[in-house]
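Below is one structure; the comments refer to it alone.
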Amino acid sequence: VYWHHEDSVAQPLLKKTEMFSGQLLHFWDFEIQDNPEIVKNIILAKLKKLPKVFARKLQVRQIDSETAKAFFNQYHLQGNARASAQLGLYDGDKLLCAASFGRERFSRTKHWELIRFATAGVAVIGGLSRLIKHFAVGRNGEKLVTFADRRISNGLAYLTTGFELLYKTQPSYFYSKGVRLSRYEAQKSKLRNIVADFDETLTERELMARDGWLKCIDCGN
């Protein structure tokens with residue numbers, strides 16, 4: 001965070017990603033500190049070094065929200081997110097792979113969205129495709145969208161599953177000062193009880209900078 005906030009001298013993360021000839025992974029320091037096993041598994045997955053399991057040998061089951069929450073908090077870099085449907089692939093009683101779905105969060109079209117997908121430290125070959133196909137039963141003609149975080153993904157897994165690339169989003173941001181605030185939590189209308197000496201005439205960025213917050217910009221999706 002210190003070396004890659006908005007006012008630091010380091011190149012923007014997205015520029016580094018676009019200049020790199022292979023796939024460049026970016027991890028924030030707090031991600032490595034808070035979730036070292038998740039970071040390690042992401043790197044091992046990119047290197048194709050995770051133990052392999054074939055999805056066709058696993059059983060598809062619906063999973064309850066509490067089970068999904070615990071699984072994604074343990075195995076997904078962004079943790080759990082609210083969803084209306086969760087499916088998992090089981091080896092006996094062991095949950096090895098899970099996906100969550102809900103109505104699209106960032107658009108008025110309200111297509112279905114694949115919100116989370118994660119595995120339990122293994123490479124489940126065909127896992128994403130099998131869970132999507134199971135979710136699609138009875139939903140003929142409806143569309144499914146998802147987002148790939150460009151800090152850690154080139155979207156290839158989605159393309160090989162049948163998704164089409166629609167667009168690339170502009171980078172987003174968060175603020176850091178010991179704790180972190182998302183761009184939504186730091187909207188000016190919410191800052192009155194967050195920053196010292198709130199001044200209506202200042203912008204969100206000016207208020208946060210004056211209060212000592214570092215603005216950190218990601219790579220978009």
Among the residues in the range 55-70, are any farther than 14 Å from LYS94 by Cα and surrounded by 18 or more Cβ atoms within 10 Å (Cβ to Cβ)?
yes
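Matching residues to (1) open to solvent by 40 Å² or more (accessible area, probe 1.4 Å); (2) under 24 Å from THR17 (Cβ atoms); (3) β-branched (Val, Ile, Thr):
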| site | (1), (2), (3) |
| --- | --- |
| CYS97 | no, no, no |
| PHE106 | yes, yes, no |
| HIS111 | yes, no, no |
| SER153 | no, yes, no |
| THR169 | no, yes, yes |
| SER172 | no, yes, no |
| ASP197 | yes, no, no |
| ARG205 | yes, yes, no |
Does the range 192-212 contain at least one residue that is of a type in the set (Gly, Ala, Ser), in a loop (DSSP other than H, G, I, E, B) and touching a residue at least 12 places away in the same chain (Cβ under 8 Å)?
yes
Here the residues within the range 207-220 that are open to solvent by less than 40 Å² (accessible area, probe 1.4 Å) and among the aliphatic types (A, V, I, L, M) are LEU207, MET208
Subset of the range 109-157 [part of a strand (DSSP E or B) and of a type in the set (S, T, N, Q)]:
THR119
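Give the residue, chosen from GLN23, GLN33, GLN11, that is at pLDDT 90 or above, open to solvent by 30 Å² or more (accessible area, probe 1.4 Å), in a loop (DSSP other than H, G, I, E, B) and out of contact with any strand residue (DSSP E or B) (no Cβ under 8 Å at 6 or more places or on another chain). Quick ask: steps written out before the conclusion?
Values: GLN33 fails: in a loop (DSSP other than H, G, I, E, B); GLN11 fails: at pLDDT 90 or above.
It is GLN23.
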Might you check whether a residue that is of a type outside the set (S, T, N, Q) and in contact with an Asp or Glu (Cβ under 8 Å, 6 or more places away or on another chain) occurs anywhere in the range 83-100?
no
Within the range 110-143, track down each residue that is farther than 13 Å from ALA85 by Cα and touching a helix residue (DSSP H, G or I) at 6+ places or on another chain (Cβ under 7 Å).
ALA118, THR119, ALA120, GLY121, ALA123, VAL124, ILE125, GLY126, GLY127, LEU128, SER129, ARG130
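The values are calculated or read from the model by the stated rules, or taken from the named source; none is laboratory data. Keep in mind the model is a prediction, meaning the values are calculated, not measured. As a convention, Cβ positions derive from the backbone with ideal geometry for all residues, glycine included, and neighbour counts pool all protein chains shown. Side chains are part of the model used for accessible areas, which takes the heavy atoms of the whole protein and leaves out ligands, DNA and RNA. Shrake-Rupley method; radii C 1.70, N 1.55, O 1.52, S 1.80 Å.
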